[in-house]
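Please treat every number below as a calculation from the coordinates, not as lab data. In this text the structure is predicted, and so the values were computed from the model without any measurement. As a convention, Cβ positions derive from the backbone with ideal geometry for all residues, glycine included, and neighbour counts pool all protein chains shown.
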Ligand code: NAP
């Protein structure tokens with residue numbers, strides 16, 4: 001299927017590795033010009049070069065912390081007018097519910113809620129003026145089913161989800177769709193880091209921890225960033241124009257719910 005987005009321009013935040021990179025590769029495969037962001041220069045430039053070499057698209061890399069006002073300003077300045085926005089950032093640290101103070105909550109809300117809100121407020125008006133746009137926020141399965149060790153993520157992402165539920169209905173009439181895509185466990189640095197922490201806490205090997213996590217998934221495996229990217233690319237497609245304000249799980253069926 002041709003997704004009908006060849007020649008569009010997309011900003012993908014936090015995209016040098018993991019899920020963001022998977023999205024970048026999928027959109028490049030659809031002929032979309034990319035602006036990629038991450039904090040570290042080395043991995044970002046390597047990813048931009050690899051995608052640019054594999055696909056006939058323009059790739060611009062902007063090293064910046066997307067959770068800061070200054071970082072967002074620099075990324076948006078380099079990006080110019082955008083047709084597609086994919087918000088993403090690193091996830092908050094794990095812990096137990098008594099661990100986190102006000103500053104921890106503010107940092108998580110800044111990174112995983114307010115950064116996405118600020119990016120949408122900056123980019124969506126231009127999309128509305130031009131009559132077409134796609135926004136995807138990468139959130140988490142923790143929005144549908146809380147992950148006890150990730151209370152900061154559960155909280156901040158619930159806030160973003162509530163915001164999107166309201167604003168997506170206010171911009172759809174101008175041809176802009178806003179949706180959230182919710183990853184379950186995917187084989188990325190983030191999940192490998194969580195596995196290391198859990199293996200240490202339980203006194204088991206990393207391999208045992210990863211195997212027990214995968215065994216808890218109906219598919220018996222992790223997702224990979226390529227599969228995840230393909231789902232996001234579809235949500236950004238011309239064909240997905242009637243999909244508004246949805247929370248789309250990509251988790252191998254891990255969240256055990258009828259709806
Ligand atoms: P990852 O493999 O650790 O990759 C994170 C990417 O984001 C890297 O490119 C990193 O590069 C960049 N990044 C991190 N913080 C940034 C910031 N402040 N500004 C700009 N770039 C930043 O993580 P992932 O697994 O792809 O996860 C992406 C998001 O999905 C996270 O919020 C995570 O919590 C969430 N999630 C992931 C899973 C999963 O299974 N993987 C499941 C549920 C939710 P630099 O470090 O160089 O900045």
Candidates 95, 241, 126, ranked by Gaussian network fluctuation over the chain, Cα under 10 Å, top entry: 95
Segment residue 130-residue 97, extension gain: residue separation times 0.36 nm, minus the distance between their alpha carbons: 7.4 nm
Sites residue 224 and residue 1 - FRET efficiency at Förster radius 22 Å, r taken between beta-carbons, to 0.05: 0.60
Extension gain (nm, one decimal) between residue 170 and residue 147, 0.36 nm per residue minus Cα-Cα: 5.2 nm
Enclosed volume per residue, in Å³, of the convex hull spanned by Cα atoms of the chain: 131 Å³
Global form of segment 189-259, assessed from the alpha-carbon gyration tensor, a/c cut-off 1.5: prolate
Most fluctuating residue given options 151, 223, 166, as computed from a GNM of the chain linking Cα atoms under 10 Å: 166
Rounded FRET efficiency, nearest 0.05, which uses the C-beta distance separating residue 49 from residue 200 and R0 of 35 Å: 0.45
Order by protection proxy (mean Cβ within 10 Å, highest first), peptides 167-179, 31-43, 203-215, 9-21: 9-21, 31-43, 167-179, 203-215
Förster radius 35 Å - calculated FRET efficiency between residue 68 and residue 257, Cβ distance, rounded to 0.05: 0.45
Alpha carbon centroid spacing (whole Å) that separates segment 67-86 from segment 219-252: 23 Å
Estimated 222 nm signal from helices in the chain, with DSSP H stretches of n ≥ 4 weighted -39500 (n - 2.57), rounded to 500: -14500 deg cm²/dmol
Inter-part distance where segment 33-51 and segment 165-199 are each reduced to a Cα centre, Å: 20 Å
Sequence of 143, 136 once ranked by neighbouring C-beta atoms within 10 Å, starting from the fewest: 143, 136
